[in-house]
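Below is one structure; the comments refer to it alone.
The values are calculated or read from the model by the stated rules, or taken from the named source; none is laboratory data. Computed from a predicted structure; not experimentally measured. Cβ atoms come from the backbone with ideal geometry, glycine included; neighbour counts cover every protein chain shown. Side chains included, ligands, DNA and RNA excluded: accessible areas come from the protein's heavy atoms. Shrake-Rupley method; radii C 1.70, N 1.55, O 1.52, S 1.80 Å.
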2 protein chains.
Amino acid sequence: MLKLSKKIEYGIQALQYMANNSGNVISAKEISEQLNIPYDFLSKTLQILNKNGIIVSQQGIKGGYILARDPKSTTVAEIIKALEENAIIVDCLAEDEENCDRINVCTIKNPMNKLQEKINYLLNNTTIAEFSEV
Amino acid sequence: MLKLSKKIEYGIQALQYMANNSGNVISAKEISEQLNIPYDFLSKTLQILNKNGIIVSQQGIKGGYILARDPKSTTVAEIIKALEENAIIVDCLAEDEENCDRINVCTIKNPMNKLQEKINYLLNNTTIAEFSEV
DNA sequence: AAAAATCGGACTATTGTTATCCGAATTAAT
DNA sequence: ATTAATTCGGATAACAATAGTCCGATTTTT
């Protein structure tokens, strides 16, 4: 399928929204309402992004989130990783690769890895800033 | 997640196997046994590839499959399409895009599309032949 | 006629994704 | 102090997609 999850999609959209309102603390509620994203799901997503250093949270009333870094230096690859997902096109390229039944007869690992590296390059070179320059 | 399905993974591996044995009719059983891929699932996959013109089937005893075209001219993108899947990273870029709740407030469609086109380029420029040159 | 293969449909099991719910902790304003 | 708005964190449910299985029919060579 090669699809990004909603967590990633919502995450990128939320980060873009924050980038466009930089300097202000933005609540999950505001993003949820403005972008029409389910509140609870978005909250979870933002909490993970906070935990992993992409955004900074401020708790309590008047709380919310701001970007932790310059949008120009936050890549899609980093966002995916921060959301505790990955962009690995076949299982055997995963770090915790272990129990593939075909490892002894597999002849696609190397060529798949080449394709993987090209995709990684794209994801490492697309930033939140580019998403904001619509 | 950005992962290829097993259908695609097995399909590519099977096509590569056929490319390496070109000229011979190869049965699903042989591929299944040699590559350690579940027989029934692989059969289904090969039937779809046959239906959509990537391989040619020969029925009956001594039957099997051969590549329909030169491995150099069969791309990963074509295989994905032939397997009736797609490589669309966000729903709103699908052809039958219709009912996105965020269409009026969405500001990621254009930048996502740029990323999509780069991925398409990769998939359109990786062929079965490349998978065989290990 | 028999054997080995594809064909095709239905079905099941498993996993992953998406969404929701609830209560606790935090903090600003009153 | 109390209240209200927020993040935090865990559990769970609903849904969808993937992966795998089963079975009987058809085809074709021997």
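Structure notes:
- Protein accessible area in segment B:66-134, 1.4 Å probe - carbon and sulfur %: 46
- By definition, a body whose alpha carbon gyration tensor gives a ≥ b ≥ c is prolate when a/c is 1.5 or more and a/b is larger than b/c, and segment A:1-88 fits this prolate description.
- Heavy-atom accessible area buried between chains A and B is around 4100 Å² (1.4 Å probe, both sides summed).
- Taking the centroid of alpha carbons for each part, segment B:118-134 and segment A:28-44 are 39 Å apart.
- Most mobile of A:Val105, A:Val76, A:Val56 in a GNM of chain A (Cα contacts under 10 Å): A:Val105
- Surface per residue (accessible, 1.4 Å probe) for segment B:6-132, Å²: 52
- For the residues A:Asp70, A:Asp101, A:Asp91, a GNM of chain A with alpha-carbon springs under 10 Å puts the largest fluctuation on A:Asp101.
- Helix axis angle, B:6-19 relative to chain B longest principal axis, alpha carbon, degrees: 40
- Kirkwood Rh, angstrom, the protein assembly as shown [1 / mean 1/r, Cα pairs]: 20.4
- Close amide H partners of B:Ile88, meaning residues 5 or more places away or on another chain with modelled amide H under 5 Å apart, do not exist here.
- Label-to-label distance, nm, for residues given as B:Arg69 and A:Met1 (7 Å Cα→Cβ offset): 2.8
- Remark: chain A carries a charge dipole of roughly 240 debye about the Cα centre, counting +1 on each Lys and Arg Cβ and -1 on each Asp and Glu Cβ.
- With 0.36 nm allotted per residue and the present C-alpha distance subtracted, the B:Asn125-B:Asp40 stretch has 27.6 nm of extension available.
- Degrees separating the helix B:39-51 axis from the principal Cα axis of chain B, which is the longest one: 70
- Cα-based shape type of segment B:46-129, given that a ≥ b ≥ c are square roots of the gyration tensor eigenvalues and the cut on a/c is 1.5: oblate
- Pairs from B:Lys51/B:Lys114; A:Lys81/A:Lys118; A:Lys6/A:Lys29; A:Lys114/B:Lys3; A:Lys6/A:Lys109 whose Cα-Cα separation, in the structure shown, is over 25 Å: B:Lys51/B:Lys114; A:Lys6/A:Lys109
- Chain A: most fluctuating residue of A:Glu84, A:Glu97, A:Glu33 per GNM, C-alpha cutoff 10 Å: A:Glu97
- Placing a label point 7 Å from the Cα of A:Glu84 along the Cα-to-Cβ direction, the distances to the matching points in the other copies come to 3.6 nm, shortest first.
- Full-extension gain in nm, B:Lys29 to B:Gln116, via 0.36 nm per residue minus C-alpha separation: 27.7 nm
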